[in-house]
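A.B. asks: Quick one: structure below, then a few questions.
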Amino acid sequence: MTTRADFLGSIRREMAKTRDHFGASPVPRPVDAGRAAELVRRQMLERWPQALARFREEFERVAGVFHQVSSMDEVPAVIRRIAQERQARSLLSWHPGVIGIDLRGSLVAEGFSVTVAPDGDPDAAGRAMHRDAAARAEIGVTGVDWALAETGTLVLVSGRGRPRSTSLLPATHVAVFGRDRLVESLEQVGVILEALHADPARSMSGAVINFITGPSRTADIELTLTRGVHGPKEVHAIFVDTPDSAGTR
């Protein structure tokens, strides 16, 4: 029987064979997580344009589709176009209080079905109804907690009004975010997460953090790549070019 130590030792030996391909190293945990996170925020106030350019480059490299609009008012038109191009009529969205926009006001009148996540703790029946709606929805619309530039990754934290199913079950995932969601590195994400865990008022107990890098991919033993088996076939990012953000915590 393989022990835990044997298993980890085997991984280390294999990693050592290609060390030049893996330049990562452990980063010390910040002594004052709150102050470190504030420093990251101040840095990004100046560096967000460069981070956005890098995010777009990496996001498109992993088959993401990037959109840019001037304000939140333009977001429904982009989502409408995405839906029409895919002949999709059913949408699932985070709660308007979380994402920053209520798509029902502009899309329901045009014949689209829009289901919104409840803002609270639904009972078992309510959760089952929402899961069923998520399974039927063709497009899921979320905000973004952090947009990680170095890998083109969308980081989403689950919680009230922001269920995981919105980004995982529909065939097309559309994520909406503003400039204050941009970070440059995974190290910065770690600092921010440390600060959130350290602050009782913003406790993340029970939350699930999803790192989404492009559409879902899986391969069989012959390395035949297939998209959408365990998640969306398409991922779109809508960047809103105003100081306001979507999917804030």
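A.B. asks: Out of the residues in the stretch 52-72 that are assigned to a helix (DSSP H, G or I) and more than 17 Å from E184 (Cβ to Cβ), state the one that is modelled with the highest pLDDT. Outline the logic, then answer.
C.D. replies: Looking only at the stretch 52-72, we keep the residues that are assigned to a helix (DSSP H, G or I), and these are 52-61, 72.
Subset that is more than 17 Å from E184 (Cβ to Cβ): 60, 72.
Details: E60: 97, M72: 94.
Going through the qualifying residues, I end up with E60.
A.B. asks: I'd like the residue in the stretch 188-213 that is over 23 Å from H173 (Cβ atoms) and part of a loop (DSSP other than H, G, I, E, B) and, out of all such residues, is modelled with the highest pLDDT.
C.D. replies: Among residues in the stretch 188-213 that are over 23 Å from H173 (Cβ atoms) and part of a loop (DSSP other than H, G, I, E, B), the one modelled with the highest pLDDT is D199.
A.B. asks: Of the residues in the stretch 78-88, how many are surrounded by 18 or more Cβ atoms within 10 Å (Cβ to Cβ) and in a loop (DSSP other than H, G, I, E, B)?
C.D. replies: Step one: filter the stretch 78-88 for residues surrounded by 18 or more Cβ atoms within 10 Å (Cβ to Cβ), giving 79, 82-83, 88.
Pick out the ones that are also in a loop (DSSP other than H, G, I, E, B) and you get 88.
Result for the stretch 78-88: 1.
A.B. asks: For the structure I just gave you, tell me whether V78 is in contact with a strand residue (DSSP E or B) (Cβ under 6 Å, 6 or more places away or on another chain), within 30 Å of A171 (Cβ to Cβ) and among the aliphatic types (A, V, I, L, M).
C.D. replies: Yes, satisfied.
A.B. asks: Being in contact with a strand residue (DSSP E or B) (Cβ under 7 Å, 6 or more places away or on another chain), closer than 24 Å to I212 by Cα, hydrophobic (A, V, I, L, M, F, W, C) and in contact (Cβ under 8 Å) with a residue 12 or more places away in the chain is the requirement here; does V62 meet it?
C.D. replies: It is false that V62 is in contact with a strand residue (DSSP E or B) (Cβ under 7 Å, 6 or more places away or on another chain), closer than 24 Å to I212 by Cα, hydrophobic (A, V, I, L, M, F, W, C) and in contact (Cβ under 8 Å) with a residue 12 or more places away in the chain.
A.B. asks: Going by the structure shown, is P49 in contact with a Ser or Thr (Cβ under 6 Å, 6 or more places away or on another chain), in a helix (DSSP H, G or I) and at pLDDT 95 or above?
C.D. replies: No; evaluated as a whole, the condition is false for this residue.
A.B. asks: Just checking, which of V27, V75 is in a helix (DSSP H, G or I) and in contact (Cβ under 8 Å) with a residue 24 or more places away in the chain?
C.D. replies: The conditions single out V75.
A.B. asks: Which one of the conditions (1) over 12 Å from the mean Cα position of the chain (by Cα); (2) modelled with pLDDT under 90 does G247 fail to meet, given that it meets all the rest?
C.D. replies: Only one criterion in (1) over 12 Å from the mean Cα position of the chain (by Cα); (2) modelled with pLDDT under 90 is unmet by G247, namely (1).
A.B. asks: Restrict the check to the stretch 118-135 and report whether at least one residue is surrounded by 13 or more Cβ atoms within 10 Å (Cβ to Cβ), touching a Phe, Trp or Tyr at 6+ places or on another chain (Cβ under 6 Å) and touching a residue at least 40 places away in the same chain (Cβ under 8 Å).
C.D. replies: Looking for residues that are surrounded by 13 or more Cβ atoms within 10 Å (Cβ to Cβ), touching a Phe, Trp or Tyr at 6+ places or on another chain (Cβ under 6 Å) and touching a residue at least 40 places away in the same chain (Cβ under 8 Å), one finds none in the stretch 118-135, hence no.
A.B. asks: Assess whether A147 counts as being among the aliphatic types (A, V, I, L, M) and either over 13 Å from the mean Cα position of the chain (by Cα) or farther than 22 Å from F66 by Cβ (or both).
C.D. replies: For A147, the condition - among the aliphatic types (A, V, I, L, M) and either over 13 Å from the mean Cα position of the chain (by Cα) or farther than 22 Å from F66 by Cβ (or both) - is not met.
The values are calculated or read from the model by the stated rules, or taken from the named source; none is laboratory data. All values reported here derive from a predicted model rather than from experimental measurement. Glycine gets a Cβ as well: all are built from the backbone with ideal geometry, and neighbour counts include every protein chain shown.
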